[in-house]
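Working notes, structure below.
The values are calculated or read from the model by the stated rules, or taken from the named source; none is laboratory data. Everything numeric here is computed off the predicted structure, so don't read it as measured data. Cβ sites come from the backbone with ideal geometry, for glycine too, and all protein chains shown count toward neighbours. Side chains are part of the model used for accessible areas, which takes the heavy atoms of the whole protein and leaves out ligands, DNA and RNA. Shrake-Rupley method; radii C 1.70, N 1.55, O 1.52, S 1.80 Å.
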Amino acid sequence: MSRIGNKPIKLPAGVTSTVDTKEGVITVKGPKGELSQPFNNEFDISEENGELVLKRPTEQKRHKAEHGLYRSLINNMVEGVTDGYKKELELVGVGYKATSQGGVLELSLGYSHNIFFALPAEVKAVAETQKGKNPIITLESIDKQLIGQVAAKLRSLRKVEPYKGKGVRFVGEQIRRKAGKQAAK
């Protein structure tokens with residue numbers, strides 16, 4: 001039994017949804033923008049009393065799995081168009097820098113060259129550097145899946161190494177540190 005799928009999704013004021021059952025696409029519009037998500041058109045998505053309710057067609061295992069999945073995806077869309085999502089990345093390392101110009105991030109991560117990272121149009125980035133602190137890149141978007149993918153790609157450009165802790169990490173992320181070589185006694 002999908003407990004998540006059975007939970008209704010509350011639509012805040014200013015958020016509207018349209019369901020195209022023929023094409024199998026749901027569109028959510030809100031103050032921050034508009035998002036669309038394809039879904040299995042066997043599912044029944046209806047709006048009742050300002051809430052979206054999903055009903056699965058059968059009790060098959062795949063329908064049960066998709067029930068919770070679609071409910072979570074639609075809830076993330078509603079949350080995205082009302083509040084948006086934000087991720088912060090921290091550059092830890094001597095000489096690591098980041099600058100944001102238009103839709104391009106210029107990163108200096110200890111390689112022999114700078115890395116120019118083109119951001120999708122839906123993602124906005126702000127790079128800030130304060131004296132005595134590590135540079136921080138703030139990503140903002142209405143699409144949770146896209147912002148997570150961009151953040152993961154940025155993180156993969158210089159993974160955090162366990163000895164000194166240098167690399168690109170999420171703000172507040174705990175890194176498991178290893179002890180280095182011990183001097184001979």
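Quick rundown of the values:
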{"quantity": "Inter-site label distance for residue 88 and residue 126 at 7 Å from Cα along Cβ, in nm", "calculated": "1.1"}
{"quantity": "Whether segment 3-50 is rounded, prolate or oblate, judged on the alpha carbon gyration tensor where a/c under 1.5 counts as rounded", "calculated": "oblate"}
{"quantity": "Efficiency of FRET from Cβ geometry, residue 113 and residue 13, R₀ 35 Å, rounded to 0.05", "calculated": "0.10"}
{"quantity": "Crossing angle, helix 61-82 versus the chain [Cα axis fit, 0-90 degrees, rounded to tens]", "calculated": "70"}
{"quantity": "Derived scalar couplings ³J(HN,Hα) [segment 7-13; Karplus, 6.51 cos²θ - 1.76 cosθ + 1.60; whole Hz; x for Gly, Pro]", "calculated": "6, x, 9, 7, 9, x, 4"}
{"quantity": "Two-site label geometry, residue 34 and residue 55: point separation in nm, points 7 Å out along Cα→Cβ", "calculated": "2.9"}
{"quantity": "Quotient of Cα Rg and 2.2 N^0.38 Å for segment 92-135, N being how many residues it contains", "calculated": "1.19"}
{"quantity": "3J(HN,Hα) from dihedral phi, segment 109-126, Karplus parametrisation 6.51/-1.76/1.60, rounded to Hz, x for glycine, proline", "calculated": "10, x, 8, 6, 9, 7, 9, 9, 10, 7, 8, x, 4, 7, 10, 10, 10, 10"}
{"quantity": "Under 19 Å from residue 64, Cα to Cα: lysines that are on another chain or at least 8 residues apart", "calculated": "7, 55"}
{"quantity": "Crossing angle, helix 144-156 versus the chain [Cα axis fit, 0-90 degrees, rounded to tens]", "calculated": "20"}
{"quantity": "Gained length - residue 161 relative to residue 173, 0.36 nm times residue gap less alpha-carbon distance", "calculated": "3.0 nm"}
{"quantity": "Cα gyration tensor shape of segment 42-85, rounded if a/c is under 1.5, else prolate or oblate by comparing a/b with b/c", "calculated": "oblate"}
{"quantity": "Computed FRET value (nearest 0.05) for residue 153 with residue 65, which takes r as the C-beta separation and R₀ as 35 Å", "calculated": "0.80"}
{"quantity": "In sequence order, calculated HN-Hα J values of segment 14-27 (Karplus, 6.51, -1.76, 1.60; Hz; x Gly/Pro)", "calculated": "x, 10, 10, 10, 10, 10, 9, 6, 5, 7, x, 10, 10, 10"}
{"quantity": "Cubic angstrom per residue, convex hull over Cα atoms of the chain", "calculated": "181"}
{"quantity": "Formal net charge of residues neighbouring residue 91 (Cβ-Cβ distance under 13 Å; K, R +1; D, E -1)", "calculated": "+2"}
{"quantity": "Mean projection area, nm², convex hull over Cα of segment 1-104", "calculated": "9.7"}
{"quantity": "Most to least packed among 141-148, 99-106, 32-39 [average Cβ atoms within 10 Å]", "calculated": "141-148, 32-39, 99-106"}
{"quantity": "Nearest-0.05 FRET efficiency for residue 182 and residue 27, computed from C-beta distance (R0 41 Å)", "calculated": "0.10"}
{"quantity": "Apportionment of accessible area to carbon and sulfur, the chain, percent (1.4 Å)", "calculated": "49"}
{"quantity": "Whichever lysines have a C-alpha closer than 17 Å to that of residue 29, once near sequence neighbours (fewer than 8 apart) are set aside", "calculated": "10, 144"}
{"quantity": "Ellipticity estimate at 222 nm from DSSP helix runs (n ≥ 4, -39,500 (n - 2.57)) divided over the chain, nearest 500", "calculated": "-6500 deg cm²/dmol"}
